[in-house]
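Asks: Structure provided below as structure tokens; questions to follow.
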Amino acid sequence: MSVTSAPSAPPAGGPGPAYERGTLGKLYRTRLSKGRAVLGEMFGGHVEWESKGAWVTTTEGKRVLNCGGYGVLLLGARHPTVVRLVEEQLHRNPVATRVLLEPQAALAADALVEVVPPGLERVHFASSGAEAVETVIKMARTKGKDQLVAMHAGYHGKSMGALSLTDKEVFQAPFRPLLPDVRHVPFGDAGALDRLLATLAGRGCVVVEPVQGEAGVILPPDGYLRAVAEACRRHGAFFVLDEVQTGLGRLGTWFGADREGVTPDALLVGKGLSGGVVPVSAVVATPSAFSVFDRDPYLHTSTFSGVPLAMAAARGAITAIKDEGLVERSRELGAELLTTLGDTAREHFGEAVREVRGRGLLLGFEFAEPGIAGDLLIELVARGVIANHSLNSHLTLRLTPPAILDRSDVAFLYEAFDGACRAQASRYVPTSKGGPDHA
């Protein structure tokens with residue numbers, strides 16, 4: 001089933017005229033963003049209406065397999081465990097007083113501490129990954145660590161502090177000056193990090209991803225995180241592991257930290273913590289890192305931090321991942337998809353495929369020529385599969401499929417990916433006449 005061939009009848013009880021393509025496109029242009037409207041048109045102008053499991057249904061009744069979502073939808077959409085807990089909370093107490101004690105925050109924090117690396121025992125909840133980054137920058141400063149170090153091509157969000165760490169000129173340029181005293185070193189080069197930290201007089205705060213998702217699914221050498229942790233200890237630096245995209249089973253382990261047995265001073269969690277239902281993120285820290293926040297509960301606050309509705313979603317997400325063995329499923333399914341889809345890409349594009357990379361259900365397909373990843377992304381949507389581009393790598397197509405895909409979903413993905421590669425390869429791969437068709 002593809003977007004172009006799926007039944008066109010609207011869902012029962014579905015959208016009215018206000019949700020038609022033309023009307024909605026006009027609202028986007030006049031009330032939201034012209035650029036966002038243009039982007040939607042690039043992908044066919046389809047309007048999403050309903051989601052369930054791995055599938056999205058448009059206002060025209062067409063079904064699309066969602067292998068995108070930027071890492072949010074490990075559980076798919078509207079997972080019954082998450083929805084049940086959120087619905088119960090919605091009808092009981094959706095927003096707390098912030099004066100009385102509220103059970104959902106405590107229960108969610110306890111559930112999260114059970115699955116993070118040992119030694120991380122204190123939790124601060126937020127609403128987005130970027131907000132978690134802002135929190136941890138402030139947490140590091142309470143320890144005298146005001147010299148920020150991040151990695152080239154890393155991505156940590158677009159609020160002012162997070163953007164200072166995100167190494168992308170196009171995102172930073174319109175908003176300078178950003179935070180001072182921020183430096184970047186090559187990802188995967190623990191020696192370069194060690195040499196820099198030696199110059200910072202014990203004031204360093206290192207923020208690193210286990211796998212760089214937005215850079216195009218870049219995997220570091222084995223032992224890199226252990227070397228980072230050792231360098232931070234050696235030079236008295238504050239060690240932050242940003243697992244907003246990689247955590248909670250996405251890499252085939254509960255956290256990327258688990259693969260190398262490291263415990264940072266603070267771990268950032270988000271995206272999948274929402275269960276795909278209510279946005280929520282968290283900083284999980286050691287008691288020492290959290291100590292100033294422990295003493296003063298008003299030092300760093302947010303109106304919707306720990307809101308009961310989001311806490312119910314977080315509990316539901318952790319429960320479902322545990323009960324359904326989705327960490328193991330992510331590891332096994334990811335290995336299969338990486339091999340099969342990688343073989344398909346190479347079959348059609350040959351040497352135009354620079355590299356296929358992945359861990360668990362975070363998969364990247366890097367091409368040698370600009371344009372292929374974008375055109376393949378558009379072609380996949382036309383054939384009924386949503387994927388993602390990579391914000392810090394225009395050469396890389398990224399897949400972040402849910403762990404709940406069944407065999408029919410996987411077969412659909414294989415067929416759509418094969419068809420999309422075949423269609424686009426005819427434009428880019430040299431033909432028997434001696435040149436690319438698109439030249």
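Taken together, the values in this text are just the output of simple stated rules run on the coordinates, not laboratory data. Quick caveat, the model's predicted, so the values are computed rather than measured. We place every Cβ from the backbone using ideal geometry, glycine too, and count neighbours over all the protein chains shown.
Asks: Note down the magnitude of the dipole of segment 153-283 about its Cα centre, charges +1 on Lys and Arg C-beta and -1 on Asp and Glu C-beta and zero elsewhere, to the nearest 20 debye.
Replies: Computed charge dipole of segment 153-283: roughly 220 debye.
Asks: Hey, another quick one. So, in nm, how far is label Tyr19 from label Tyr298 when the simple model puts each one 7 Å beyond its Cα toward the Cβ?
Replies: 4.5 nm
Asks: What distance in nm lies between label points placed 7 Å from Cα along the C-beta direction at Arg92 and Glu41?
Replies: Placing both labels 7 Å beyond Cα along the Cβ direction yields 4.8 nm.
Asks: Efficiency by 1/(1 + (r/R0)^6): what FRET value for Lys34 and Ser159, r their Cβ-Cβ distance, R0 = 22 Å, to the nearest 0.05?
Replies: Once rounded, the FRET efficiency stands at 0.40.
Asks: Still on this structure, I have one more. Only Lys, Arg, Asp and Glu count, each charged at its Cβ (+1, +1, -1, -1), so figure out the dipole size of the chain about its Cα centre, rounded to 20 debye.
Replies: Charge dipole, the chain, about its Cα centre: 940 debye, nearest 20.
Asks: Considering only DSSP states other than H, G, I, E and B, which chymotrypsin sites (Phe, Trp or Tyr not before Pro) in segment 240-328 qualify as loop sites with at most 15 other Cβ atoms within 10 Å?
Replies: Tyr298
Asks: Nearest 5 is fine: what % of DSSP beta bridges in the chain come out antiparallel, could you say?
Replies: If we restrict to bridges inside the chain, about 65 percent are antiparallel.
Asks: Using mean Cβ contacts within 10 Å as the protection proxy, how do 83-96, 276-289, 47-60 order, highest first?
Replies: 276-289, 47-60, 83-96
Asks: Count of lysine pairs in the chain with Cα atoms under 16 Å apart, counting only pairs 8 or more residues apart in sequence or on different chains?
Replies: Summing the qualifying lysine pairs gives 4.
Asks: If we count every other residue with Cβ under 11 angstrom of Asp146's Cβ, Lys/Arg +1 and Asp/Glu -1, where does the sum land?
Replies: +4
Asks: Another question, if that's okay. Using DSSP, restrict attention to beta bridges with both residues in segment 80-323 and report what percent are antiparallel, rounded to the nearest 5.
Replies: 40 percent
Asks: Based on the mean of other beta carbon atoms within 10 Å per residue, what is the order of 24-34, 69-79, 312-322, 345-355, most packed first?
Replies: By packing density, highest mean first, the sequence is 312-322, 69-79, 345-355, 24-34.
Asks: Further question on the same structure: Starting from the 7 Å offset along Cα-to-Cβ, what nm value, one decimal, do you get for the label separation of Arg78 and Arg354?
Replies: Result for the modelled spin labels: 4.0 nm.
Asks: With unit charges on the beta carbons (Lys and Arg positive, Asp and Glu negative) and the dipole taken about the Cα centre of the chain, which residue among Gly22, Leu268, Leu405 sits farthest to the positive side?
Replies: Of the listed residues, the answer is Gly22.
Asks: Here is a further query. Subtract the Cα-Cα distance of Glu369 and Leu100 from 0.36 nm times their separation in residues, and report this length gain in nm to one decimal.
Replies: 91.1 nm
Asks: Cβ under 14 Å from Pro370's Cβ, Pro370 left aside: what net charge do those residues give with Lys, Arg +1 and Asp, Glu -1?
Replies: Computed value for this residue: -1.
Asks: Can you compute the helix-only [θ] at 222 nm over the chain? Use -39500 (n - 2.57) per DSSP H run of at least 4 residues, normalise by all residues, nearest 500 deg cm²/dmol.
Replies: It lands at -11000 deg cm²/dmol.
Asks: Stretch Ile378-Val170 to full length: gain in nm at 0.36 nm per residue minus the Cα-Cα span?
Replies: The Ile378-Val170 span can extend by a further 72.6 nm.
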